[in-house]
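Worksheet: one structure, shown below.
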Amino acid sequence: MLKKLFSIDKKLLILIGVFTGIVISAVTAKTLAYTDSADFCQSCHIMNNVHASFTDSTHAKLACNDCHLPHETKVGKLAYKAKAGMSHMYYNTIGSEKIPDVLHATDNSMEVIQQNCVDCHESTLDNVSHDSKDSCMSCHQEVPHGKGFKTEDYFKPPKPGELLEDKGGTLDNG
């Protein structure tokens, strides 16, 4: 068989190789783009409430991974995406009994989300003092997953001074 393959005209062999490479590249690019989309993410039943709350938000035109993946380097993004994807596949197949009723971002995910908030909204951060806050989510709890997604406790206002505690801020009690 190998002898037959090498007997084909070299120009035709190169043309077939180039065409195959283009098809593989296009399929890979389309697949990676689709796996960034909200439609892909909501295909798992556990994500139905998350997706519904997202579609009602001001961020609905973004892809899920615009917020949930790091963007410093392409390699870093793909490695993080692969790790998260493997974890999601595990939990949606053999680990399904371990899926929690309420989803919470991991500490690592919160760091990525925080950085992406800052990167996208950098130009507006100078308009309001943000130095006393833990993270964007400290105040913007409903963005972008709010309506019908987060528990009652999530929406309770912070206790007086809670946001400033240990942040170098002062409380004016009178």
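The values are calculated or read from the model by the stated rules, or taken from the named source; none is laboratory data. Values in this document were obtained by computation on a predicted structure and should not be read as measured data. In this analysis, Cβ positions are derived from the backbone assuming ideal geometry, glycine residues included, and neighbour counts consider all displayed protein chains.
Before moving on, here are some points about what is shown:
- Of all the numbered requirements in (1) in contact (Cβ under 8 Å) with a residue 60 or more places away in the chain; (2) assigned to a loop (DSSP other than H, G, I, E, B), PRO70 misses one, and that requirement is (1).
- The residues of region 52-87 that are β-branched (Val, Ile, Thr) and at pLDDT below 85, listed by number, are THR55, THR58.
- Checking each residue in region 24-38 for being surrounded by 12 or more Cβ atoms within 10 Å (Cβ to Cβ) and part of a helix (DSSP H, G or I) picks out LEU32, ALA33, ALA38.
- Residue check, VAL112 within 17 Å of HIS140 (Cβ to Cβ), modelled with pLDDT of 90 or more and not in a loop (DSSP other than H, G, I, E, B): yes
- Residue in region 137-160 that is modelled with pLDDT under 80, of a type in the set (S, T, N, Q), surrounded by fewer than 13 Cβ atoms within 10 Å (Cβ to Cβ) and more than 19 Å from the chain's Cα centre (by Cα) present: yes
- Of residues in region 39-51 being assigned to a helix (DSSP H, G or I) and surrounded by 15 or more Cβ atoms within 10 Å (Cβ to Cβ), the one modelled with the highest pLDDT: PHE40
- Being farther than 25 Å from GLN141 by Cβ, aliphatic (A, V, I, L, M) and out of contact with any helix residue (DSSP H, G or I) (no Cβ under 9 Å at 6 or more places or on another chain) holds for only one residue in ALA52, ALA33, and it is ALA33.
- Some residue of region 96-109 being of a type in the set (Lys, Arg) and either assigned to a helix (DSSP H, G or I) or modelled with pLDDT of 80 or more (or both): yes
- All positions within region 64-94 that are in contact with a helix residue (DSSP H, G or I) (Cβ under 7 Å, 6 or more places away or on another chain) and aliphatic (A, V, I, L, M): LEU69
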